Structures are given as structure tokens and as C-alpha cells.
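J.: Could you have a look at this structure, given as C-alpha cells, before my questions?
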Amino acid sequence: MTLWRPTPADLWQGRDDSSEASNALRIFQTIAQTDRFAPKSSGIALLGFECDAGVWRNHGRPGAAQAPDVLRKALANMASYSGHDTLTDMGTITVAGDRLEDAQRALSDAVLACQQSGMRTLVFGGGHETAWAHGRGVLDAFPHERVAIINLDAHLDLRKADHATSGTPFRQLAQYCEAQNREFQYACLGVSRAANTQALWDEAARLNVTLVEDLDFRREALPVLESVLAQADRVYLTIDLDVLPAGEMPAVSAPAALGVSALDIMPVIDEICRSGKLQAVDLVEFNPIYDRDGQGARLAARLAWQIAHWWA
């Protein structure tokens, strides 16, 4: 596959406690690895999207291209429980220079192949330009089903731009749905009014986006989510790590002034995972350059760990 590379086998390392008991295992010992792109008939396909181009174009802080392998390393040493043994590392899509659209097409094709084969997809971005590619792949895999896009994010990412950026993915997905005469079902939970202009709020209203602001998250997120899930056949969950407070997640392009804590977000993720409708997840905007002692990497990896466990 063009722009695809396998994950180096020696990246998955950790502490070996298997001499203590047969089930004293960590993820590096249970994850399947592959040296060619060949989707299976079941399980979770872990894909990386090694990309900074969308953040560059959106005038953000670059560095997210380093995220996929850093997050793999943070995940590797965590304990392996139910669900984690279904993970297969399916490698990484890379970007050549500023050829973002080519890389997005490659990721969409990889996601489509995995989904059609019977796998669910877990993608480590990259900036939020990941969502246009990932979401398109999911929509293409289920053309006759209602796919709800749930974004945990401080930003609406509905910007108008001449080219794709990390700020345009949901506008692109809206246009894609419109071209196919299908409903655009988009919910943004944790959005910050301070981080989005009135023009973006107007666009969200025009597109009938379901919104829960950061200030209202504890009170409104779960009831709103229940309604979103009831109207969906499949769910694509995208988590922009800048939805978290800067104190919990400093390692992003745009740290949140307020944010929603991981402990408040976890029940929402739990509900989505246990709905039986979750088809695809990505974690985006992690920027290792601005991490502190691996704090952000560990938290992002824990979110991925929890999702794989609850997804089983």
C-alpha cells in the first residue's frame, strides 16, 4: 500500500512478568504484529497516521507526526486484559512532504479495507485532519447505515479553507454526506465557546450539530449522548486530546484553558463502547514535543487501553 509502513517489531517492548503466572501479561506480549497490510476478519486494527501537515496548514504547533509510535510505546507496557488480545498493529500511513490529501486517501482506503474485512479501527493521529480520512473510510464502509460522528473536542473544526487542515475535517465530512444525500450526524461534546468564533457556532447551527459545552459537560453529556446513540446504527468516535485540561494534557497544539477532565470523559467513552455500535475510534493532536515526563503519552495511552478493554 502506498505511503504505508509496518511498525518496527522492536517498538513493542515492556516488562516480562510471565514467569509469575500464565496470565501475567502486558500488551506488548498479546498484540499481533504484521509486516504486510492484510486485514483480518475480526478484532481491532491499530493504525498510525504520521502527519503534521494539517496542523501546519492550520497555523498550529507541529509535532503530532511523532505521536503514533510514542503512543504505541506508552501502551506497550500496560497490562493486557479482555479485549487487548484482539489488537493487531496494522502499521502506519505516512505523509510525504505536504501531500496531505494523498495520505488522507491512503488512510481512508486502509480504514475501508479493515472495516469491510470485519475489523474495527483504532487510529493514532496526527492532527485532527485524521478525522476526515478516518470518517470517510467508515462512511464508505457503511453507505446505507446511519453513522454518528461523536467528537470529544474543545473545537468544532468546521472551518472554511482552500485546502484541508486540522481545522476542517467535519466541514469536509458534512460536504461528503451532502454529496451522497445522507444525513450528517455530528455531535461535538466538550466544546469551548471561548475557543470558537461566532462564525463557527453559526455553521454548527446551520448543520444542526449536537453540542455540549465544556461548562455543561457533567450535567448534559450523558443525556445528550443517549439521544445521539438512539439515532445511530454505527458510531465513529474521535477524541481530540485538547478537550482535556492543559494540566492533564499539556502535549497538544492548542492546550485548553478550561477543558473537561479525563474522569468526566470516561463515563461517556464507557457508554459509547458498551452501546454495541462503536465501529471506529481515533485519538488525535497528541504532540510529544510539549509533553512533560511522558504525562500526556501515558494519559492518551490509558484512554486507548480503556477503549480496547470496554470495546470487547
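The values are calculated or read from the model by the stated rules, or taken from the named source; none is laboratory data. The structure presented is a predicted model; accordingly, all values stated were derived computationally and were not measured. Counting neighbours? That spans all protein chains shown, and the Cβs are built from the backbone with ideal geometry, glycine included. When the accessible area is computed, the model is the full protein with side chains, heavy atoms only, and any ligands, DNA or RNA have been set aside. Shrake-Rupley method; radii C 1.70, N 1.55, O 1.52, S 1.80 Å.
J.: Sticking with the crude label model, points 7 Å out along Cα→Cβ, report the distance from HIS144 to LEU222 in nm, one decimal please.
T.: 3.7 nm
J.: For segment 98-215, report the translational diffusion coefficient in µm²/s to the nearest whole number, using Stokes-Einstein at 10 °C, 1.306 mPa s, and a Kirkwood Rh over Cα pairs.
T.: 108 µm²/s
J.: In nm, to one decimal, how far is the modelled label at GLN175 from the one at ASP162, with both set 7 Å along Cα→Cβ?
T.: Placing both labels 7 Å beyond Cα along the Cβ direction yields 1.4 nm.
J.: Continuing with the same structure: What is the pair-distance distribution P(r) of segment 167-250, computed from all Cα-Cα distances in 10 Å bins starting at 0, with each bin given as a whole percent?
T.: For segment 167-250, the pair-distance distribution reads 14, 48, 33, 5, 0.
J.: Taking 0.36 nm per residue of separation and subtracting the Cα-Cα distance, what length does fully extending GLU183 through GLN231 add?
T.: 16.2 nm
J.: With n ≥ 4 as the cut-off for DSSP H runs, can you work out [θ] at 222 nm for the chain, using -39500 (n - 2.57) per run divided by the number of residues, rounded to the nearest 500?
T.: Computed mean residue ellipticity for the chain: -11000 deg cm²/dmol.
J.: Binning at 10 angstrom from zero up to the longest distance, how are the C-alpha pair distances of segment 78-117 distributed in percent?
T.: Cα pair-distance distribution for segment 78-117, in percent: 24, 37, 26, 12.
J.: Over its Cα atoms, what ratio of radius of gyration to 2.2 N^0.38 Å does the chain give?
T.: In units of the 2.2 N^0.38 Å rule of thumb, it is 0.92.
J.: Which residue, SER18, SER117, SER108, tops the fluctuation ranking in a GNM of the chain built on C-alpha contacts under 10 Å?
T.: Highest fluctuation of the listed residues: SER18.
J.: Counting only protein heavy atoms and using a 1.4 Å probe, what share of the accessible area of the chain belongs to carbon plus sulfur, as a whole percent?
T.: 48 percent
J.: If I take R0 = 51 Å and measure r between the Cβ atoms of GLN13 and ASP98 in this structure, what FRET efficiency does the formula 1/(1 + (r/R0)^6) give, to the nearest 0.05?
T.: 0.95
J.: Another one. Please give the helix 262-273 orientation as an angle from the longest Cα principal axis of the chain, in degrees from 0 to 90, rounded to the nearest 10.
T.: 90 degrees
J.: With +1 on each Lys and Arg Cβ and -1 on each Asp and Glu Cβ, and nothing else charged, work out how big the dipole of the chain is about its Cα centre, in Debye to the nearest 20.
T.: That gives a dipole near 280 debye.
J.: Helix 67-76 against the longest principal axis of the chain: what's the angle in degrees, Cα atoms only, rounded to the nearest 10?
T.: Value to nearest ten degrees: 50.
J.: In segment 50-160, with Lys and Arg counted as +1 and Asp and Glu as -1 at Cβ, which of these residues, ILE93, SER82, HIS134, has the Cα nearest the positive end of the dipole, that is, farthest along it?
T.: The listed residue farthest towards the positive side: HIS134.
J.: Report, in debye and to the nearest 20, how large the dipole of segment 171-239 comes out about its Cα centre when Lys and Arg carry +1 and Asp and Glu carry -1 on their Cβ.
T.: With only Lys, Arg, Asp and Glu charged at Cβ, the dipole is about 100 debye.
J.: Could you tell me which of VAL252, PRO39, ILE289 has its Cα farthest along the dipole of the chain towards the positive end, charges placed at Cβ (Lys, Arg +1; Asp, Glu -1), taken about the Cα centre?
T.: Going by the Cα projections, it comes out as PRO39.
J.: Now for a different question. Rank ARG219, ARG171, ARG182 by mean-square fluctuation in a GNM of the chain with C-alpha springs under 10 angstrom and give only the top-ranked residue.
T.: ARG219
J.: Please identify every one of the trypsin sites (Lys or Arg not before Pro) in segment 1-99 that sits in a loop by DSSP and has no more than 12 other beta carbons within 10 Å of its own beta carbon.
T.: Filter output for segment 1-99: ARG15, ARG36.
J.: Expressed as cubic angstrom per residue, what is the convex hull volume of the alpha carbon set of segment 167-312?
T.: 112 Å³
J.: Measuring from a point 7 Å past the Cα of LYS40 along Cα-to-C-beta, which residues in segment 112-134 have an amide N at less than 17 Å?
T.: 113-123
J.: Then there's this: I'd like the distance between the alpha-carbon centres of segment 144-217 and segment 68-140, rounded to an integer number of Å.
T.: Segment 144-217 and segment 68-140 have Cα centres separated by 21 Å.
J.: Using +1 at the Cβ of each Lys and Arg and -1 at the Cβ of each Asp and Glu in the chain, identify which of SER108, ILE239, TRP12 lies farthest towards the dipole's positive end.
T.: Of SER108, ILE239, TRP12, it is SER108.
J.: Let's test the formula: R0 of 41 Å, r as the Cβ-Cβ distance of LEU207 and ASN77. What FRET efficiency results, to the nearest 0.05?
T.: It comes to 0.45.
J.: Which loop-located chymotrypsin sites (Phe, Trp or Tyr not before Pro) does segment 1-105 contain, where loop means any DSSP state but H, G, I, E or B and the Cβ has at most 15 other Cβ atoms within 10 Å?
T.: Those satisfying the criteria are TYR81.
J.: Let me know the charge dipole size of segment 1-100 about its Cα centre in debye, to the nearest 20, where only the beta-carbon of Lys, Arg (+1) and Asp, Glu (-1) is charged.
T.: Value, rounded to 20: 340 debye.
J.: Percent of Cα-Cα pairs more than 12 Å apart in segment 235-274, please.
T.: 57 percent
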